Amino acid sequence: MASEPNGVSDEVLMLQFQGGDRSAFTDLVRRHKIPIFNFILRQVRAKSTAEDLTQDVFVRVVRNAATFKHEARFTTWAYSIARNLCIDHLRKMSLRRHPSLDQATGKDKDGPTLGERVADGHHSAAADRQVVSADIGARIVVAVDKLPTEQREVFLLRQLGKVPFKEIAKMTGVPENTVKSRMRYALERLQGALSEYEDYARALR
């Protein structure tokens with residue numbers, strides 16, 4: 001069972017909630033709402049949708065509380081619910097468009113593109129760092145989105161949900177070594193997607 005600084009595990013809180021202690025559920029929400037929201041947000045990439053789906057996760061936790069097994073791990077159960085909700089949502093989504101270096105920045109559609117701002121020597125180093133940082137952040141989001149489904153799922157669960165590899169293996173129904181391999185491949189792909197910025201980033205230090 002997962003232990004917490006106050007000595008009460010998620011699983012004990014869940015059992016207390018099953019016994020009618022509503023404050024135990026409040027504690028679970030307080031502990032996990034933000035990381036679950038971040039996990040969902042990085043998949044659906046729409047704040048309002050992520051908020052709705054996060055709420056749905058805890059609604060399902062309440063509705064299905066009686067089915068929670070004493071030997072189960074709460075995070076595995078909760079993230080399994082979140083994962084399934086994301087899968088259902090993404091199936092319904094239309095194709096999304098992402099910013100590119102050729103897209104104008106700011107409100108002025110005729111303004112300089114992000115690429116032109118990066119190349120403009122009149123900007124200060126601090127401004128350049130801000131532009132590059134924002135673009136790298138956008139590129140990471142796009143790169144994560146382009147990962148094969150299995151790799152993307154493991155990456156988000158591990159990096160945002162902090163779910164142990166062993167628990168991810170249980171959630172996805174594959175061996176732990178397979179999960180670790182997917183994580184390694186995901187990191188290699190992300191590193192490759194951002195390699196073009198390495199020299200530029202060094203020059204700005």
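Of note:
- Within the range 175-188, tally of residues that are surrounded by fewer than 17 Cβ atoms within 10 Å (Cβ to Cβ) and in contact (Cβ under 8 Å) with a residue 12 or more places away in the chain: 3
- Residues that are modelled with pLDDT under 90, in a helix (DSSP H, G or I) and either surrounded by fewer than 19 Cβ atoms within 10 Å (Cβ to Cβ) or not assigned by TED's automatic domain parsing to the domain that holds ALA138 (or both) within the range 151-174 comprise GLN159, LYS170, THR172, listed in sequence order.
- Residue ranges of helices (runs of 4 or more DSSP H) in the range 1-94 with at least 2 members in contact with a Phe, Trp or Tyr (Cβ under 9 Å, 6 or more places away or on another chain), without any contact (Cβ under 8 Å) to a residue 24 or more places away in the chain and on the phi < 0 side of the Ramachandran plot: 22-44, 47-63
- Some residue of the range 14-30 being within 27 Å of GLY173 (Cα to Cα) and charged (D, E, K, R): no
- The one condition from (1) surrounded by fewer than 13 Cβ atoms within 10 Å (Cβ to Cβ); (2) farther than 26 Å from GLY7 by Cβ that ARG83 does not meet is (1).
The values are calculated or read from the model by the stated rules, or taken from the named source; none is laboratory data. These numbers come from a predicted model, not from an experiment. All Cβ positions, even for glycine, are placed from backbone atoms using ideal geometry, and neighbour counts span all protein chains on display.
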